[in-house]
Number of protein chains: 2
Amino acid sequence: MSEGKTNPRYRQILATSRRLFWKHGLRRVTVEEICREAGVSKMTFYKFFPNKIELAKTVYTIEVDRGIEKFREIMSNNDTPALEKMEQMMLLKSEGTMNISREFLNDFYSNPELGLSGWVEKKSRQAWQEMIGDFQNAQSKGWFRADFKPEGFLYMVKKISEMVTDENLLRLYGTPQEAIMELSRFFTFGIMPRSGKLAGEKSRDIT
Amino acid sequence: MSEGKTNPRYRQILATSRRLFWKHGLRRVTVEEICREAGVSKMTFYKFFPNKIELAKTVYTIEVDRGIEKFREIMSNNDTPALEKMEQMMLLKSEGTMNISREFLNDFYSNPELGLSGWVEKKSRQAWQEMIGDFQNAQSKGWFRADFKPEGFLYMVKKISEMVTDENLLRLYGTPQEAIMELSRFFTFGIMPRSGKLAGEKSRDIT
DNA sequence: ATAAATTATACGTTATTTGTTTTATATTAC
DNA sequence: GTAATATAAAACAAATAACGTATAATTTAT
């Protein structure tokens, strides 16, 4: 039995539906369309997923988990100085790894009868909590100012990530990478510990 | 009776449906959705358009006409030297004024029963012919090399316009504007009359 | 105040989507 | 090779959604 998450058809369905959901949201995409695009029969689809909603939940969960994972990797690396951490996090956002498509979320929220809005809220809260924990952890090691509220930090990351994809700003800096670096510098020196190390300096000597 | 094209509701329906069609294509967008988004009742919709297909045709026609109009403006302006003409045409494309969304066209072509593919072909041919006429007109005035085939010219414009939106090229030049200017320079000096004027020089002294 | 235009609602009719089932066709393990 | 398993393809009933029309209520313009 190849019910496993490694089954190529299972993965194909996930990849295809993610692509379609991301572009058109939930309601505009049909199961048959997913099957057709994924090159998989309907039987196979219903072997893996009871219906479209559950598939969407799986897609969403995977995406959130991957985001948290990436965030954690960045946060917990002792050898990365604060400035680079900021840069990496913004790159993460701008690359869309952590971005849940608006179209997708809209359908999650605007169909109360599916009971998805509550489900999403719960998932988001969990992810939020995990990331706050990671940040506090980094704080306790002195990598960030101790009196900075974790919630405020995450909010700022989110806002600045939005700025990074702003076309006007982009035009100012030429490439997204440059804009990200500039913003990261700006942001980092407002959040580093008072005794803060300089950009580029390694911080492994804290212990 | 306000059946006229200037009726604000009529215009609202067109604007809304264009936005939705551009993003999701024809089949994924419903009449009720358009009405809802446009803030217009279904009755009003059906007063102006017999059905979604006819609406789509109208949207498409308006878009093509606007493209031709812009093209003509650029082409026929005596005070614009060839180099600037090229730049303006590429900006026109890159701004999307003339770009018909891929999603939209897909649905036009992939539903033979609607009889839209033939209709689109016809419209495109007409637009193509008009633009060729405009180009020949400009040729006869000596603004472009006389032995350049108009069809080839339009093809080149299209191809180069695609290049202008290529991310890799963009990264090379920073801003789309810069890339456009560079490509325009490159392209123009290959198409100007043998006795060609220099870039920036006005060409009104031909007659 | 009146007429015209528009919305809101309900409705029957199609068309589409869903999820199941059946049959045929590959794949895989032995 | 054969049996067991997995998948595809197609047909299907049931549910859902979209279409287009009709009517009454409401708004807007004059």
Test: residue in the range B:20-30 that is modelled with pLDDT under 95, in a helix (DSSP H, G or I) and either of a type in the set (Ser, Thr, Tyr) or over 22 Å from residue A:25 (Cβ atoms) (or both): no
Subset of the range B:40-53 (residues that are within 9 Å of DNA strand D (Cβ to nearest atom), assigned to a loop (DSSP other than H, G, I, E, B) and in contact with a helix residue (DSSP H, G or I) (Cβ under 7 Å, 6 or more places away or on another chain)): B:41, B:49
Matching residues in the range A:124-143 - criterion: being basic (Lys, Arg) and over 16 Å from residue A:76 (Cα atoms): A:125
Residue in the range A:1-42 that is nearest to DNA strand C (Cβ to nearest atom), counting only those that are within 13 Å of chain B (Cβ to nearest Cβ) and of a type in the set (Val, Ile, Thr): A:30
Selected residue [surrounded by fewer than 18 Cβ atoms within 10 Å (Cβ to Cβ), within 28 Å of residue B:25 (Cα to Cα) and away from DNA strand D (no atom under 11 Å from the Cβ)] from A:69, A:37: A:37
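Looking only at the range A:79-108, count every residue that is surrounded by fewer than 14 Cβ atoms within 10 Å (Cβ to Cβ) and either at pLDDT below 80 or among the basic types (Lys, Arg) (or both) and tell me the total. Before the answer, list the steps.
Filtering the range A:79-108 down to residues surrounded by fewer than 14 Cβ atoms within 10 Å (Cβ to Cβ) leaves A:79, A:95-96, A:102, A:106.
Narrowing the set further to residues that are either at pLDDT below 80 or among the basic types (Lys, Arg) (or both) leaves A:95-96, A:102.
Summing the residues that are surrounded by fewer than 14 Cβ atoms within 10 Å (Cβ to Cβ) and either at pLDDT below 80 or among the basic types (Lys, Arg) (or both) in the range A:79-108 gives 3.
The values are calculated or read from the model by the stated rules, or taken from the named source; none is laboratory data. Just so we're clear, the structure is a prediction, and the values are computed from it rather than from any experiment. Counting neighbours? That spans all protein chains shown, and the Cβs are built from the backbone with ideal geometry, glycine included.
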